[in-house]
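These notes concern the structure reproduced below.
No value in this document is a laboratory result; all are computed from the given coordinates. This structure is a prediction, so every number in the text was calculated from the model and none was measured. As a convention, Cβ positions derive from the backbone with ideal geometry for all residues, glycine included, and neighbour counts pool all protein chains shown.
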Amino acid sequence: MIGYMYDSDFSFHDTGEHIENRLRTESIDEMVQEKYEVLHIPTRVGDKDELSAIHDFGYVDWVESGYDNGIRMIASSDTILSEESYEVALKAATSTKNVIDAFKDAVIKRAFLNLRPPGHHAEIITGQGFCIFNNIAMMARYAQDVGYQKVLIIDFDVHHGNGTQDIFYEESSVFYFSTHEKNNYPYFIGEEDETGRGEGEGFNKNIAYKDEIEDEDFLALFDELPRDFNFDIVLVSAGYDLMNDEYISSAQISFDGLAKMIQKILKFTGDKPIAFLLEGGYNIDSLVQSVDVTLEQMVAN
Ligand SMILES: [Zn+2]
């Protein structure tokens, strides 16, 4: 059975009419409840100290007291801080640990985490790009704490996961592999010559693709997954903003192309544990169908 994480509290990160809003996770959850038999993995209220594994504590403090201090936006102007955003973001990031525990206890081998706010743009010292804390980085760190020494992160969101790259750039035990649109946010980062630093040299791979990419060219990129990195677990930044009907990219990936990409990732993962964490995807119909396609492949393959 597939593990699944969702909490209606995620809706309390109140972004109003912003494209990253509560309808995303709520609509996905409706579909999952209707169509799939899943093992519900509970969330947890983590401690803020846990975030020091991935973020500068000054930043965490700043977010915690931000709303009371009148702050309504993190970074430039794209990441909303509502009254309960801090608690929700803390819960989303730290709850990922429960999925790792479920893997460890051999209860499940595959999981989908229907989380918000998303996380992959959140760097060590700041959130941005609709992201407050870096969920997948938190999960990777905890995986290592409990014995999954080598972590492969695959990020297929149409945007480069600058935050995840930032956190693991000098480490050789976490391999960050990202495919993303070249001429798109976060800009000036995510270049192919960013391959890691120091001990981390060779453990960061960026593939920046051209505008209007279609299935065939996109699928070929996944032939470059690192075959000689002997990973113990795979974590996927599953951003569905690369789909044809999405608003903030020119990529033209079809549902059939998405299914084939998921198959490729699952095949590459073999019998190791794998978790998909929701990142982008803003056209609700396209997003729900994309997650459906992902779950179908996770069940069937
Ligand atoms: Zn994105």
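With a Förster radius of 30 Å applied to the C-beta separation of Glu212 and Asp68, the computed FRET efficiency comes to 0.10.
Taking the range 211-301, which chymotrypsin sites (Phe, Trp or Tyr not before Pro) meet the DSSP loop condition and have no more than 11 other C-beta atoms within 10 Å? The partial results should precede the final answer.
Values: sites: Phe218, Phe222, Phe229, Phe231, Tyr240, Tyr247, Phe255, Phe268, Phe276, Tyr282; in loops: Phe229, Phe231, Tyr240, Tyr247, Tyr282.
Filter output for the range 211-301: Tyr247.
Across Asp245, Asp211, Asp29, mean-square fluctuation computed from a Gaussian network of the chain (C-alpha pairs under 10 Å connected) peaks at Asp211. Computing FRET efficiency as 1/(1 + (r/R0)^6) for Val299 and Glu170, where r is the C-beta to C-beta distance and R0 is 51 Å, gives about 0.85. A simple spin-label model places the labels of Gln33 and Asp105 2.4 nm from each other, with each point 7 Å out along Cα-to-Cβ. Phi-derived couplings, Karplus 6.51 cos²θ - 1.76 cosθ + 1.60 at θ = phi - 60°, listed residue by residue for the range 253-263: 7, 8, 5, 5, x, 4, 4, 5, 5, 4, 4 Hz, with x used for Gly and Pro. Calculated mean residue ellipticity at 222 nm for the chain: -10500 deg cm²/dmol, from DSSP H runs with n ≥ 4 weighted as -39500 (n - 2.57), summed, divided by the residue count and rounded to 500.
Between Ser8 and Glu87, the distance separating the two model label sites (each 7 Å from Cα on the Cα→Cβ line) works out to 1.5 nm. Of interest is the spacing of the C-alpha centroids, which for the range 235-249 and the range 63-130 amounts to 18 Å. Extension gain, Asp56-Val146: 0.36 nm per intervening residue step, less the Cα-Cα distance, totals 30.2 nm. Note on the range 159-208: Cα Rg divided by 2.2 N^0.38 Å, N the number of residues, gives 1.02.
Among beta bridges from DSSP that stay inside the chain, the antiparallel ones total about 10%.
Full extension of the chain segment joining Arg227 with Asp193 gains 10.3 nm, where the gain is 0.36 nm per residue of separation less the Cα-Cα distance. The string of couplings for the range 290-301 from the Karplus curve (6.51, -1.76, 1.60, θ = phi - 60°) is 5, 5, 4, 4, 4, 5, 4, 5, 5, 6, 7, 10 Hz, one whole number per residue in order, with x for Gly and Pro. Stokes-Einstein D for the chain at 37 °C, 0.692 mPa s, Kirkwood Rh over Cα pairs, in µm²/s? This corresponds to a translational diffusion coefficient of 175 µm²/s. Under 19 Å of direct C-alpha separation, and excluding same-chain neighbours fewer than eight residues apart, Lys264 reaches these lysines: Lys109, Lys205, Lys272.
Per-residue extension of 0.36 nm, minus the Cα-Cα distance of Glu17 and Val45, leaves a gain of 7.4 nm for this segment.
Relative to the compact-globule scaling 2.2 N^0.38 Å, provide the ratio for the alpha-carbon radius of gyration of the range 27-149. Could you put the intermediate results ahead of the total?
Working: Rg = 15.1 Å, N = 123, 2.2 N^0.38 = 13.7 Å.
For the range 27-149, the normalised Cα radius of gyration is 1.11.
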